[in-house]
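As structure tokens, the structure follows; a few thoughts come after it.
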Amino acid sequence: MRFRRRLRTARAVLATATATATVAAAILIGSAEPPTTTAPTAAVAADTSTGSSTSTSTDKDWLHTKGNQIVDEDGNKVRLTGTNWFGFNATERVFHGLWSANITDITKSMAQRGINIVRVPISTQLLLEWKNGKAAVPSAVNAWANPELKDLTTLEVFDRWLDLCERYGIKVMLDVHSAEADNSGHIYPVWWKGEITTEQFHAAWEWVTARYKDNDTLVAMDIKNEPHGKHTDSPRAKWDGSTDQDNFKYACETAGKRILAVNPHVLVLCEGIEIYPRAGKSWSSKNEADYHFNWWGGNLRGAREHPVDLGANSDQLVYSPHDYGPLVYQQPWFQGDWNRTTLERDVWDPNWLYLHKENKAPLLIGEWGGFLDNGPNQKWMTALRDLIVENGLHQTFWCLNPNSGDTGGLLLHDWKTWDEAKYALLKPALWQSGGKFVGLDHQVRLGGADSTTGISLADLYGG
């Protein structure tokens with residue numbers, strides 16, 4: 001059976017507001033009402049392990065890898081646990097929700113609730129506009145709700161937000177979600193499209209890396225969101241040892257090396273693809289039965305035989321699969337009598353979890369999440385949450401935005417109120433120690449200087 005990926009057009013719904021508007025985005029899939037919430041299943045214990053107790057001597061927050069762990073510059077283990085906030089990738093070219101809520105309030109709220117990193121989808125087109133001095137003033141920012149953003153360009157809004165993240169101890173990951181600034185751009189399977197060439201894709205990454213190379217608030221680059229495509233699609237992403245344009249492994253290596261030549265301290269994240277040939281089969285086959293299928297971005301089987309090689313900076317590599325539940329698409333593994341054991345054995349282990357279990361590289365689950373249905377979807381989400389906690393995996397939950405049509409968000413449709421039931425399910429997967437959330441900044445507590453809910457790395461490790 002063909003494993004089709006869902007279409008997430010509703011994740012990037014076009015919404016434009018006047019200066020005093022307080023409208024919420026329209027939803028293209030599902031109900032316009034906030035999701036019905038139910039109490040989550042019993043939460044597993046929070047991860048309080050800290051690894052090394054080496055005192056912190058650095059004043060920088062750059063990270064690198066050691067086996068299947070991510071560590072700071074002193075070698076102390078850290079965990080990246082956060083969420084996604086989309087909009088910069090879409091036609092609005094700015095965070096969704098700023099048509100209604102205040103950027104400072106949203107950012108501070110995330111930090112106080114334990115979000116220590118935010119994955120920010122962008123587009124290559126937007127980066128090239130910034131690079132060429134063509135950043136525009138976005139129409140989707142409500143200046144009444146965000147007076148501090150009045151008349152700022154999209155690039156200036158992003159810079160202002162990075163300052164807020166520094167203030168509240170949040171780190172940032174950029175993700176090229178699509179080639180073009182398009183609400184449905186993620187549906188296109190590869191990293192080039194139309195006038196956006198592969199070389200421009202790499203040049204855009206180099207430019208944004210150079211711009212922020214001295215800013216250790218921006219600590220990670222996710223090369224391309226969900227490359228995919230089936231055996232009969234053209235173009236489609238593959239994974240092998242070639243230098244072909246559609247080989248995503250080669251694209252990761254090329255982009256990663258060019259990024260790290262500019263800033264050798266940022267983490268480089270490489271997602272999976274959709275299909276991979278079965279043993280003894282080749283990419284030339286047009287027979288569906290000759291391939292393993294998984295979610296878009298979730299198939300990292302090829303990394304066993306063809307691992308990503310970043311050369312001298314290979315200790316900056318993190319693999320980043322995506323995984324979703326049956327409300328997104330009724331995959332074959334959700335049929336019949338399934339549970340966490342079968343998911344781990346049949347889906348997670350062969351596609352990506354082996355990288356962690358065999359100590360090959362760290363894993364950051366870049367997207368996972370969904371509606372709480374008190375049924376199969378919640379069963380899947382709880383199983384994956386428990387796997388993340390018990391293995392100390394890194395993760396960015398999809399998503400903060402309530403206008404994600406097939407998952408909903410951590411915020412409800414006023415962009416201020418948190419979905420407490422969904423947050424309660426996520427909370428154990430956020431890095432915690434001693435009843436406090438742990439940030440990734442050595443000086444600034446997660447939540448800010450006066451935070452009562454978060455601590456810094458210096459608080460945790462000393463120094």
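The values are calculated or read from the model by the stated rules, or taken from the named source; none is laboratory data. In this text, all values refer to a predicted model and were calculated from it rather than measured experimentally. Every residue, glycine among them, receives a Cβ derived from its backbone with ideal geometry; neighbour counts consider all protein chains shown. The accessibility values were calculated without ligands, DNA or RNA, using every heavy atom of the protein model including side chains. Shrake-Rupley method; radii C 1.70, N 1.55, O 1.52, S 1.80 Å.
With a ≥ b ≥ c the root eigenvalues of the C-alpha gyration tensor of region 364-421, is it rounded (a/c under 1.5), prolate (a/b larger than b/c) or oblate? Prolate is the answer for region 364-421, as a/c is 1.5 or above and a/b outweighs b/c.
Heavy atoms of the protein chains alone define the surface here; on that basis region 171-263 has 30 Å² accessible area per residue at 1.4 Å probe size.
The residues packed around ALA111, meaning those with a beta-carbon under 13 Å from its beta-carbon, carry a net charge of +2 if Lys and Arg are +1 and Asp and Glu are -1. Cross-link pairs exceeding 21 Å in C-alpha to C-alpha distance, out of LYS108/LYS436; LYS213/LYS257; LYS131/LYS249, comprise LYS131/LYS249. Label sites at ALA424 and THR453, each approximated as a point 7 angstrom past Cα along Cα to Cβ, lie 1.6 nm apart. The antiparallel fraction among DSSP beta bridges confined to the chain stands at about 35%. Label sites at ASP159 and GLN443, each approximated as a point 7 angstrom past Cα along Cα to Cβ, lie 2.0 nm apart. Think of the chain as having a plus end and a minus end, set by charges on the Cβ of Lys, Arg, Asp and Glu; of VAL219, LEU440, ASN359, ASN359 sits farthest toward the positive end of this dipole.
Counted residue by residue at 0.36 nm each, then reduced by the alpha carbon distance between them, the extension gain from SER284 to VAL137 reaches 48.3 nm.
For region 288-345, the fraction of 1.4 Å probe accessible surface lying on carbon and sulfur atoms is 46 percent. With an a/c value of 1.5 or above and a/b not larger than b/c for the gyration tensor axes a ≥ b ≥ c computed over the alpha-carbon atoms, region 295-454 is described as oblate. Specify which residue in the list TRP415, ASN294, GLY194 is farthest towards the positive end of the charge dipole of the chain, using unit charges on the beta carbon of Lys, Arg (+1) and Asp, Glu (-1), about the Cα centre. Final value for the positive-end residue is ASN294.
Secondary-structure-derived ellipticity at 222 nm for the chain, considering helices only, amounts to -6500 deg cm²/dmol, per-run term -39500 (n - 2.57) for DSSP H runs with n ≥ 4. This model, with +1 at the C-beta of Lys and Arg and -1 at the C-beta of Asp and Glu, gives region 314-353 a dipole about its Cα centre of some 100 debye.
Please label the shape of region 293-343 as rounded, prolate or oblate, based on the square roots a ≥ b ≥ c of the eigenvalues of the alpha-carbon gyration tensor (a/c under 1.5 means rounded; beyond that, a/b larger than b/c means prolate, else oblate). Since a/c reaches 1.5 and a/b is larger than b/c, the shape of region 293-343 is classed as prolate. Taking the centroid of alpha carbons for each part, region 242-280 and region 446-462 are 35 Å apart.
Length available on full extension from GLU199 to TYR329: 0.36 nm per residue minus the Cα-Cα distance, which gives 43.4 nm.
Overall, the chain carries a charge dipole of about 620 debye about its Cα centre when +1 sits on the Cβ of Lys and Arg and -1 on the Cβ of Asp and Glu, all other atoms neutral.
Sequence-ordered 3J(HN,Hα) estimates for region 356-370 from the Karplus curve with 6.51, -1.76 and 1.60 and θ = phi - 60° stand at 6, 5, 8, 6, 7, 6, x, 10, 10, 6, x, 9, 6, x, x Hz, glycine and proline given as x. Between ASP151 and LYS257, take the C-beta separation as r, use R0 = 45 Å, and let me know the FRET efficiency to the nearest 0.05. Computed FRET efficiency for ASP151 and LYS257 comes out at 0.70.
Accessible area per residue for region 317-463 is 29 Å², calculated with a 1.4 Å probe on protein heavy atoms, without ligands, DNA or RNA.
Between ARG345 and ASN374, the C-beta separation translates, for a Förster distance of 22 Å, into a calculated FRET efficiency of about 0.30.
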